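Provided herewith is a single structure, encoded as C-alpha cells, for subsequent inquiry.
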Amino acid sequence: DVLDPDRLIQCPYNKHHRIRACRFPYHLVKCRKSYPEVAKELATCPFNARHLVPQVDLSDHITKCNDKGFIEQDIVNQSSGLQREQMNAVSTWQAPPCDEDWETESSEQSDSPFVW
C-alpha cells in the first residue's frame, strides 16, 4: 500500500494471517502454495493481483473495484496520447543523394567477365 506500507491486511487464504501491506504480495505467493484447496476457490482481480475474491463474487468485485478507475484512465490517456502523436507525426525522411551512375560503371567494367 503506497499510503501506509505498515498497514495490516488479512490474508485471503488464512483469516488468522495479518500481513503488512509492503509484504503482502510475497505472502500471497507463499500462502497460495500452502493452501491449494483455498486457492482453487479464489479468483484474481484483473485490475489488482492483490485482490483475491471467491470466484462466484468476481464479477461483482470487478464492477466495484477501486483500481478499475486507474486502469480505465490509463487506457484513455494512452489512446489520446497515441492519437495526438499520430496527428502530429509528419515524416521528415528524405532519400539520401545517389552518387551511382550504373551506365558509366558498366562501360568501364565491360572487359572483365562476371564471376559468380
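The values are calculated or read from the model by the stated rules, or taken from the named source; none is laboratory data. Here the structure is a predicted model, which means the values were calculated and not measured. Note: ideal-geometry Cβ built from the backbone for every residue, glycine included; neighbour counts use all protein chains shown. For accessibility, only protein heavy atoms count, side chains too; no ligands or nucleic acids. Shrake-Rupley method; radii C 1.70, N 1.55, O 1.52, S 1.80 Å.
Glu100 versus Glu41, label points 7 Å from Cα toward the beta carbon: distance in nm?
7.2
Here's another thing I want to ask about it. Given the protein chains as shown and a 1.4 Å probe, how many square angstrom of Cys65 are accessible, to the nearest 10?
Near enough 10 Å² of accessible area.
Assuming 0.36 nm per residue, please report the length gained on full extension of the stretch Val90 to Asn77 beyond their Cα-Cα distance.
On the way: separation 13, 0.36 × 13 = 4.68 nm, distance 2.16 nm.
Net length gain for the segment: 2.5 nm.
Let me ask something else about it. Taking H as built 1.01 Å from N, whose amide H comes closer than 5 Å to the amide H of Ile9, not counting residues under 5 places away?
So Ile9 has HN proximity to Ile19, Arg20, Ala21.
Sticking with this one: Calculate, in nm to one decimal, what Thr63 and Lys30 gain on full extension: separation in residues at 0.36 nm each, minus their alpha carbon distance.
9.1 nm
Say the dipole of region 1-59 comes from +1 at the beta carbon of Lys and Arg and -1 at that of Asp and Glu; which of Ser59, Val29, Gln10 then lies farthest toward its positive end?
Of the candidates, Val29 comes out farthest on the positive side.
Kindly state, to the nearest 0.05, the FRET efficiency for Gln55 paired with Arg7, given R0 = 30 Å and r defined as their beta-carbon distance.
Calculated transfer efficiency: 0.70.
Next question, about the same structure. How large are Rg and Dmax for region 1-55 when only the alpha carbon atoms are used, in Å?
Calculated on Cα positions, Rg and Dmax stand at 10.9, 32 Å.
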